[in-house]
Structure formats: structure tokens, C-alpha cells
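Novice: Let me begin by handing over the structure; questions about it come next.
The values are calculated or read from the model by the stated rules, or taken from the named source; none is laboratory data. Keep in mind it's a predicted model, so treat the numbers as computed, not measured. When we count neighbours, we look across all protein chains shown, and the Cβ atoms used for this are built from the backbone with ideal geometry, even at glycine.
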Amino acid sequence: MIVCIDIGNSNIKYAIYDKDSLKATFRVSSVNVSTSDEYGVILSDLLNGANVKKSDIKGVIMSSVIPQLNYTMEHMCKDYLGLNPIIVNTKIKTGIKFCVKNPNEVGADRIVNSSACFHKYKKATICIDFGTALTFNAVNSKGEFLGGSIFPGMKTSLDSLVNGTAKLPNIELVMPEKVIAT
């Protein structure tokens, strides 16, 4: 089994794969930075709850958009799983060629999303990710990452509206029954 760790601006998402089968997923906050021990205890509890033995984990791959958490999470993997994680960056083999001015500035989230979309559809894609940031990523039919755009995500935009206006209340983001007359 492998553990995939996605360290995002708002959450850390874990996915446990047994070969090609998704066995479990977990989500914890990445906002309050914790120690490697705290993250290790949390992951251990989540694995136990999913009936996954740590000894069955044979690999870890980690994608992060929070560089200051990388050291903490790498040490958590070493201390609690006994494994060195593979870190997603433009130098690992994804089948995608990065045709942008500064490939090392492409975020791990955008690398993973672009690679997954291209390999799933086997043609030119525009991959859109609605997270803390809203990202658009373009890959041509030859598997070349052409770039994209980054905008504030829905919650980020809502927070800005609430803080920057006098009468708009802070509301929970939920799918409305209808868009007009809300």
C-alpha cells in the first residue's frame, strides 16, 4: 500500500491506495501548524480506524504547497512509517514536460492535477481545481504543460467580500437549490 499526502493551504488530505484501489481517505487541517509527532499520532489513529497496518505501507508520495510544513511532514513519515516520502516537483517523472519560463515555480498541486487529467483523458486538457486558490492548468496533446492561471478560491473570495464590505454577512458555502433569487 502507499500513502498519498496532499498538503494544501487549508487541509492535509491523505489517500491510502492498495495497488489501484483507493482504500481510505482522511482530511485534517493544515492551518494550525503542528509538530511531526502530532501529525504522526493523527495519521496513526486514522490508519487504525481504517484497519490499515503501518507495516503494510510500503511507500509515501507527498505533494505540498506549504514549504514550511515539508520538513515536519517528511519527519513524520520517517518517524511513524519508517519511510522517506517521494516529494512531488517538476523533476519527478509524471509524463508531463513543463514548457514554462520557471518550471520550478509550478506548485505541486498543479503538477499532480495536470498529470492526472492528461493521463486520464489522453488528450489536451484544461484542469480546474477549486481549492483555497482556483487554478486553471493547460496541457497540450503532447503532454506539455503550457501554464495556467491562479485566482482566489471560493472561500478566499467570500472572506475578502465579508471583510471588505459593510453589509455582506459571513455565510457557509453550500450549494443553493437555485442560483437566482438567493
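Novice: For residues that are crowded, with 19+ Cβ neighbours inside 10 Å and not in a helix (DSSP H, G or I), scanning just segment 73-88, find the one that is nearest to the chain's Cα centre (by Cα).
Specialist: Among those residues, the one meeting the criterion is V88.
Novice: Checking A108 against (1) within 25 Å of I42 (Cβ to Cβ); (2) touching a helix residue (DSSP H, G or I) at 6+ places or on another chain (Cβ under 9 Å): exactly one of these is not met. Which one?
Specialist: Status for A108: all satisfied but (2).
Novice: Select, from N48, N70, the only residue that is assigned by TED's automatic domain parsing to the domain that holds D18, closer than 19 Å to C4 by Cβ, under 14 Å from the mean Cα position of the chain (by Cα) and assigned to a helix (DSSP H, G or I).
Specialist: The match here is N70.
Novice: Related question: Going by the conditions given, is I96 touching a residue at least 24 places away in the same chain (Cβ under 8 Å), in contact with a Gly (Cβ under 7 Å, 6 or more places away or on another chain) and not aromatic (F, W, Y)?
Specialist: The answer is yes for I96.
Novice: Can you go through C4, C99, C77 and tell me which one is of a type outside the set (A, V, I, L, M), modelled with pLDDT of 95 or more and touching a Pro at 6+ places or on another chain (Cβ under 9 Å)?
Specialist: C77
Novice: State the number of residues belonging to segment 125-182 that are farther than 25 Å from G8 by Cβ, modelled with pLDDT under 95 and either of a type in the set (A, V, I, L, M) or touching a strand residue (DSSP E or B) at 6+ places or on another chain (Cβ under 9 Å) (or both).
Specialist: The number of residues fulfilling the criteria is 5.
Novice: Going by what's in this entry, would S44 be described as modelled with pLDDT of 95 or more, of a type in the set (S, T, Y) and closer than 21 Å to K78 by Cβ?
Specialist: Yes, satisfied.
Novice: Now, a different point. Test S64 against the criterion of being surrounded by 14 or more Cβ atoms within 10 Å (Cβ to Cβ), without any contact (Cβ under 8 Å) to a residue 40 or more places away in the chain, within 18 Å of the chain's Cα centre (by Cα) and under 22 Å from F151 (Cβ atoms), and give yes or no.
Specialist: no
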